[in-house]
Amino acid sequence: MPDLSAALPTTDLEDLLLGVVDVEGKVTAALENLGPVAGRDVIVLDAGRGFRARQLAEIGSRVTAVTFLDARDEPAAIDRLAELPAADADVVIVPWSELAAPGSAFIAHAERLLRPCGRLLLVHDYGRDDVWSLMPGRRDRAVEWSQRRGPFLGAGFRVRVIHCWWTFESLESAKELLVAGFGEPGVELADRLKKPRLEYQVAVYHRSAAPEPVDGEDADEGVAAGVGAV
């Protein structure tokens, strides 16, 4: 699922949806802008089937893709992260992972993988667009996370909102995929479609790791001062 925010019943349907989500490549462009990622060492955590990792490799990232057997098992995921070398990545990206929740231990362990001043980029949905009628149970959480005084922005992250689309070949193909992939919510949305695309907004929460302390500076104070949004 982390290649997408939506869990579909089959990999064939997932592949069809990957073919229509953000065909303009705005999400990848935003990751490059916020990283940058081209020509740098990038770790993608909870990488799913590797679609997003391949997109990053295509623009020149040196990508290490890390998958988890159970994307909801935080202790097992943290054990897997402990096997990776610390301070070895310029950028760590976590796309649409349930593990990357505000304040989670997973996020703290992900930051351990970053070099000083490396960039942590957490990709989630923004929750204010056409497609959220497909996943109503998760919308309130996404909106809460993105509030100015919410748990991400209150913890030193900033947010970049990417305005993109689900772009279908036709109304007929849109309706077929929505119904097959999302059941009754897909039927209801398909019945309202007037054109073969849906507005989709993605939130990228980003902050930098702490810089290395200078000579004579207390290491703990340096970390406290250095972690924050840029």
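Could you give me the residue pairs with C-beta distances under 9 Å whose first residue belongs to the stretch 6-19 and is touching a residue at least 24 places away in the same chain (Cβ under 8 Å), whose second residue is surrounded by fewer than 17 Cβ atoms within 10 Å (Cβ to Cβ) and hydroxyl-bearing (Ser, Thr, Tyr) wherever it lies, and which are 6+ apart or on separate chains?
Note: pairs meeting the criteria are Leu16/Ser173.
Cβ contacts < 7 Å: first residue buried (at least 20 other Cβ atoms within 10 Å of the Cβ), restricted to the stretch 37-62; second residue of a type in the set (D, E, K, R) and at pLDDT 95 or above, any location; separation 6+ or different chain. Result?
Val42/Arg62; Val42/Asp90; Val44/Arg52; Ser61/Arg40
Which residue pairs have Cβ atoms closer than 6 Å, lie 6 or more positions apart in sequence or on different chains, and pair a first residue in the stretch 154-170 that is over 28 Å from Ala209 (Cα atoms) with a second residue that is of a type in the set (Gly, Ala, Ser) and not in a loop (DSSP other than H, G, I, E, B)?
These pairs meet every condition: Phe168/Ala174.
Just checking, how many residues over the stretch 20-36 are of a type in the set (D, E, K, R) and free of Cβ contacts under 8 Å to residues at least 12 places away in the same chain?
Final tally of qualifying residues: 0.
Would it be correct to say that Ala210 is within 30 Å of Leu120 (Cα to Cα), outside any strand (DSSP E or B) and among the small types (Gly, Ala, Ser)? Break it down into steps so the answer makes sense when it comes.
On the way: within 30 Å of Leu120 (Cα to Cα): yes; outside any strand (DSSP E or B): yes; among the small types (Gly, Ala, Ser): yes.
Yes.
When the stretch 110-143 is examined, which residues are found to be part of a helix (DSSP H, G or I) and under 22 Å from Ser61 (Cα atoms)? If you could, list the steps in order and put the result at the bottom.
Taking the stretch 110-143 first, the residues part of a helix (DSSP H, G or I) are 110-111, 130-134, 136-143.
Hits for the stretch 110-143 are Ala110, Glu111.
Which of the residues that make up the stretch 10-29 are over 16 Å from Gly60 (Cβ atoms) and of a type outside the set (Asp, Glu)? Break it down into steps so the answer makes sense when it comes.
Initial filter on the stretch 10-29 (over 16 Å from Gly60 (Cβ atoms)): 10-24, 26-27.
Thr10, Thr11, Leu13, Leu16, Leu17, Leu18, Gly19, Val20, Val21, Val23, Lys26, Val27, listed by residue number.
Output yes when any residue across the stretch 168-186 is touching a Phe, Trp or Tyr at 6+ places or on another chain (Cβ under 8 Å) and at pLDDT 95 or above, and no when none is. Full working, then the answer.
So in the stretch 168-186, the residues touching a Phe, Trp or Tyr at 6+ places or on another chain (Cβ under 8 Å) come out as 174, 177.
Still in the running and at pLDDT 95 or above: 174, 177.
Taking every residue of the stretch 168-186 in turn, at least one turns out to be touching a Phe, Trp or Tyr at 6+ places or on another chain (Cβ under 8 Å) and at pLDDT 95 or above.
Report yes if Asp3 is buried (at least 18 other Cβ atoms within 10 Å of the Cβ) and in contact with a Gly (Cβ under 9 Å, 6 or more places away or on another chain), otherwise no.
Values: buried (at least 18 other Cβ atoms within 10 Å of the Cβ): yes; in contact with a Gly (Cβ under 9 Å, 6 or more places away or on another chain): yes.
Yes.
State yes or no: is Leu121 in contact with a helix residue (DSSP H, G or I) (Cβ under 9 Å, 6 or more places away or on another chain), closer than 30 Å to Ala76 by Cα, surrounded by 17 or more Cβ atoms within 10 Å (Cβ to Cβ) and in contact (Cβ under 8 Å) with a residue 12 or more places away in the chain? Spell out the reasoning first.
On the way: in contact with a helix residue (DSSP H, G or I) (Cβ under 9 Å, 6 or more places away or on another chain): yes; closer than 30 Å to Ala76 by Cα: yes; surrounded by 17 or more Cβ atoms within 10 Å (Cβ to Cβ): yes; in contact (Cβ under 8 Å) with a residue 12 or more places away in the chain: yes.
The answer is yes for Leu121.
Identify all residues within the stretch 185-201 that are closer than 11 Å to Trp165 by Cβ and either touching a residue at least 60 places away in the same chain (Cβ under 8 Å) or outside any loop (DSSP other than H, G, I, E, B) (or both); write none if there are none. Can you show your working first?
Pass one, the stretch 185-201, residues closer than 11 Å to Trp165 by Cβ: 195-201.
Hits for the stretch 185-201 are Arg197, Leu198, Glu199, Tyr200, Gln201.
Would you mind finding the one in Glu188, Glu176, Glu184, Glu199 that is in contact with a helix residue (DSSP H, G or I) (Cβ under 6 Å, 6 or more places away or on another chain), closer than 18 Å to Ser133 by Cα, surrounded by fewer than 18 Cβ atoms within 10 Å (Cβ to Cβ) and not aliphatic (A, V, I, L, M)?
Working: Glu188 fails: in contact with a helix residue (DSSP H, G or I) (Cβ under 6 Å, 6 or more places away or on another chain); Glu176 fails: in contact with a helix residue (DSSP H, G or I) (Cβ under 6 Å, 6 or more places away or on another chain); Glu184 fails: in contact with a helix residue (DSSP H, G or I) (Cβ under 6 Å, 6 or more places away or on another chain).
So the residue among Glu188, Glu176, Glu184, Glu199 that is in contact with a helix residue (DSSP H, G or I) (Cβ under 6 Å, 6 or more places away or on another chain), closer than 18 Å to Ser133 by Cα, surrounded by fewer than 18 Cβ atoms within 10 Å (Cβ to Cβ) and not aliphatic (A, V, I, L, M) is Glu199.
Can you say whether Asp130 is touching a residue at least 40 places away in the same chain (Cβ under 8 Å) and surrounded by 23 or more Cβ atoms within 10 Å (Cβ to Cβ), as far as the supplied structure shows?
On the way: touching a residue at least 40 places away in the same chain (Cβ under 8 Å): yes; surrounded by 23 or more Cβ atoms within 10 Å (Cβ to Cβ): no.
So Asp130 fails the test.
The values are calculated or read from the model by the stated rules, or taken from the named source; none is laboratory data. This one's a predicted model, so the numbers in the text were calculated from it and none came from an experiment. With ideal geometry, Cβ positions are generated from the backbone for all residues, glycine too; neighbour counts draw on all protein chains shown.
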